[in-house]
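See below for the structure under consideration.
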Amino acid sequence: MGIPSSVTVVEVGPRDGLQNLGQFLETEKKIQLLRLLIQSGVKRIEATSFVHPKAVPQFRDAKEVMKAVIDEPGVRLRALVPNLRGARDALSCGVRDLSFVFSVSESHNQNNVNRSREASLQELKEILELRKTTPDLSVQVSLATTFGCPFEGEIPEGEIVKYVGRTQDLGVDTITLADTVGFGNPRQVRSILQRCLREFPSVTFGVHFHNTRGLGLANTLVSLEEGVALLDSSIGGLGGCPFAPGATGNIATEDLVFMLDGMGIQTGIQIEGLFRATQFLKDHLVDLPITSALFKAGLPIPKGKAPICKAG
């Protein structure tokens, strides 16, 4: 399809980046983080997750956070929801962009959301019914473990296609293929994307890569070559699934935007602003597992200019 001239970068740091941390980031700090990201030019942010606080304590303040930022101009804020109750809680806070997550792996779905894939699809169907009373509601689906599962290993392409099809049949037109534990490689990513794009031409596909084994940006480049223009990433390279052994950080938003800028692909995001957001987190969280290569190395500095920041 050719590399797109512009892409949408979905910042998932406030959700995926924080969910696996042991230290709770205070509510006001989460709000400040979101505003820093908005100021940097990020137009789409996965701001929190409406899950049971016993499952993911980091988001026990999801309602307070969303209510504080939902009316910020120039940005679409979405929330991740695993079930109908989470969707209703999000709607009560004014959220109109939802990301529903389930896994193409039965084992991971049981570990992640404590139900079968069939039960998740039924839950999705009920969430989509909410569009009858909330016409401006947008629901996208993230298919976890598309490129490999920590319990089952590689997922057959036919299984992936099956659940993409089941999701589309329910009325979903945006689906993100997620490499939850960073097993994906460029050849595999290209093969799966080509098949999905061929068999589901009316679906907008996004990608969500973890950099657990160092292949996140390589897989992103292959996705760009296949025409994908919806890319998840997380500031500082933070991230990880609490219910998937070995899951570590996402591709870093700074690294992604730096690569895209160098390729002449428009994002509308200022790297300097991303650096400020990552530095803000580093200043307020102990032992933050930053993996962003760009944040550690710093930007190439024009002659006579001072560095933007130091990784420390």
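The values are calculated or read from the model by the stated rules, or taken from the named source; none is laboratory data. Just so it is clear, the model here is predicted, and its values are computed rather than measured. Ideal geometry is used to build each Cβ from the backbone, glycine not excepted, and the neighbour counts take in all protein chains shown.
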Checklist entry - Just one of 60, 76 is charged (D, E, K, R) and under 19 Å from residue 270 (Cβ atoms); which is it? => result 76
Item to check | Residues (in contact with a Leu (Cβ under 8 Å, 6 or more places away or on another chain) and in a helix (DSSP H, G or I)) located in the stretch 148-189 | outcome: 160, 163, 164, 166, 167, 186
Item to check | Output for the stretch 205-221, where each listed residue is crowded, with 23+ Cβ neighbours inside 10 Å and part of a helix (DSSP H, G or I) | outcome: 216, 219, 220
Next on the checklist: Can you find, within the stretch 175-204, the residue that is nearest to residue 46 (Cα to Cα) among those that are of a type in the set (Ser, Thr, Tyr) and surrounded by fewer than 17 Cβ atoms within 10 Å (Cβ to Cβ)?
Outcome noted: 204
Checklist outcome for this item: When the stretch 8-55 is checked residue by residue, the ones that are surrounded by fewer than 19 Cβ atoms within 10 Å (Cβ to Cβ), within 15 Å of residue 99 (Cβ to Cβ) and of a type outside the set (S, T, N, Q) are 44
Item to check | When residues of the stretch 115-147 are limited to those that are part of a loop (DSSP other than H, G, I, E, B) and hydroxyl-bearing (Ser, Thr, Tyr), the one farthest from residue 183 (Cα to Cα) | outcome: 133
Next on the checklist: Looking only at residues that are assigned to a helix (DSSP H, G or I) and without any contact (Cβ under 8 Å) to a residue 40 or more places away in the chain in the stretch 190-204, which one is farthest from residue 264 (Cα to Cα)?
Outcome noted: 199
Next on the checklist: Name the residue that is farthest from residue 273 (Cα to Cα), counting only residues in the stretch 294-308 that are surrounded by 14 or more Cβ atoms within 10 Å (Cβ to Cβ) and at pLDDT 85 or above.
Outcome noted: 296
Next on the checklist: If a residue counts only when it is under 23 Å from residue 177 (Cβ atoms) and of a type in the set (Asp, Glu), which helices (runs of 4 or more DSSP H) contained entirely in the stretch 1-114 have at least 3 such residues?
Outcome noted: none
